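Before any comments, here is the structure.
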């Protein structure tokens, strides 16, 4: 048992993929994101923002997690070229958010770094 | 493109009973078996759309920008509203001076952007997202030289369904669509399982059509003077002068299965709800957000945000559509054909431009076509048929971004010709009936 605990500790310390990423990010994406952002991540012209070539997807992981958790529709005066505001996804668990955002980066980002549970937990601490 | 040569090509195509494509020189460039289709259509890879036999088209203008609605003036000028400004101008004027079917005079003007645009008398009316304005023509000038006047201002700023298309009756009134700033008036915006607000407060200032004096200026929207309600978003609306009545086609709500997976499969959600084609009247209620129309069951259903389960019929005094199509086709313009210029068989018909869907996965996206509903003397609509198709450019479309064209605006010129505007590349077609 102590060996497993030690391994988890090493993984967390190194920021390596944790058990969270064993969740099916693709399935989470399909169920929560794909309708608007589309299967190819390019969004919908004038309606939903693309995830490809996105500064937000490629940017700070904690901010990315916070934005998805909060939802652009819940941010006062959010400026966007796209008409459909994004709902918040705070109901997803930290594991689920880390998995789906890691999938998004892997599939659509130019920066492939995973989004860690620590990123998501820090984002949740930020609140609104 | 020389449409006389095109017509010659199409005549040979018709004799063969084949679907065919003709290029601008009149050469037939491809054929395929059309036995599956009852309508012999012409197609042109360069033209980018298909038409029934007996019709020809020219590319009147191209690459104008993100075109929205389109209108014509009696002197032959054509005006297109733009969603994004072109060098700070949001209207483009077109005129074909040499009569070859292509605009040779293209001029951008107007410090506005928006969707609604229509010529009425000596004025060009234009709908921004928060106001209706107009510009006065002096004589036959292509660009109206009159200063911009505000007809109605004060429409709420909104993120969703913000456009303000409009139409006119014959008694000096203008009818303006104010869409719903929501999908289904949920307590938590577009969130699975979130119930609807009761009553829905959006209905006080949106999700309806409002009536104003078309000749007055500086009117201010305050939520009063509502003509019809329960309309999620009517980008397509037009006054039927024969019926002396307002008609519209509505964008139905989204994401039934995403938010209510216990009641709807993804396939259900792709097809439901129907896009509804309605006749409106003073005080009519068309059901949003409490209900939706299920064209498979031929019935108005209670929305899942309001206790429905996909099987519960709606109760209440809600209008019944005069016509329906499959889900999420996105009706974005409606006109009633006037005169015989598009063929006597088309006189009085409703033409609806469907911009095309984005949320029909796992089924292919649909819409991206123009359909015709014949209109009956009693104001009802007959059976729908496809008038023009082929805009998406591929057989199976996964993402609207991949569509080659998206039909967005319709207008009929005084000579009977039909103008069609595309929102992807800003192409404008001029369609003419040449007979069979």
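The values are calculated or read from the model by the stated rules, or taken from the named source; none is laboratory data. All of these numbers come straight from a predicted model, not from anything done at the bench. Please note: Cβ atoms are built from the backbone with ideal geometry, for glycine as well, and neighbour counts cover all protein chains shown.
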Q: Identify, from the list B:163, B:112, B:152, the residue that is modelled with pLDDT of 95 or more, outside any loop (DSSP other than H, G, I, E, B) and either surrounded by fewer than 17 Cβ atoms within 10 Å (Cβ to Cβ) or in contact with a strand residue (DSSP E or B) (Cβ under 8 Å, 6 or more places away or on another chain) (or both).
A: B:152
Q: Take residue B:315 and decide whether it is in the same structural domain as residue B:208 (by TED's automatic domain parsing), modelled with pLDDT under 95 and either more than 21 Å from residue B:182 (Cβ to Cβ) or buried (at least 19 other Cβ atoms within 10 Å of the Cβ) (or both).
A: yes
Q) Of the residues B:249, B:319, which is away from chain A (no Cβ under 14 Å) and under 25 Å from residue B:127 (Cα atoms)? A) B:249
Q.
Restricting to the range A:65-86, count the residues that are touching a strand residue (DSSP E or B) at 6+ places or on another chain (Cβ under 9 Å) and surrounded by 21 or more Cβ atoms within 10 Å (Cβ to Cβ).
A. 2
Q) Are any of the residues in the range B:77-97 without any contact (Cβ under 8 Å) to a residue 12 or more places away in the chain and more than 14 Å from every other protein chain (Cβ to nearest Cβ)? A) yes
Q: Say whether the condition of being at pLDDT 95 or above, part of a strand (DSSP E or B) and surrounded by 14 or more Cβ atoms within 10 Å (Cβ to Cβ) is met by at least one residue in the range B:137-144.
A: no
(Q) I need the full set of residues from the range B:35-60 which are at pLDDT 70 or above, within 18 Å of residue B:394 (Cα to Cα) and outside any strand (DSSP E or B), in order please. (A) B:46, B:47, B:48
Q: Working carefully through the options B:216, B:225, find the one that is at pLDDT below 95 and either surrounded by fewer than 21 Cβ atoms within 10 Å (Cβ to Cβ) or in contact with a strand residue (DSSP E or B) (Cβ under 7 Å, 6 or more places away or on another chain) (or both).
A: B:225
**Q.** Residues of the range A:75-109 satisfying the condition of being closer than 19 Å to residue A:126 by Cβ and without any contact (Cβ under 8 Å) to a residue 24 or more places away in the chain
**A.** A:75, A:76, A:77, A:78, A:87, A:88, A:91, A:93
Q. For the range A:30-51, what are the residues that are more than 8 Å from chain B (Cβ to nearest Cβ) and assigned to a loop (DSSP other than H, G, I, E, B)?
A. A:33, A:41, A:49, A:50, A:51
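Here's the yes/no breakdown for (1) without any contact (Cβ under 8 Å) to a residue 60 or more places away in the chain; (2) under 30 Å from residue A:32 (Cβ atoms):
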residue	(1), (2)
B:168	no, no
B:171	yes, no
B:207	no, yes
B:238	no, no
B:248	no, no
B:254	no, yes
B:257	yes, yes
B:264	yes, yes
Q. When the residues of the range A:71-80 are filtered to those that are assigned to a loop (DSSP other than H, G, I, E, B) and at the interface with chain B (Cβ under 9 Å from one of its Cβ atoms), which remaining residue is farthest from residue B:157 (Cα to Cα)?
A. A:71
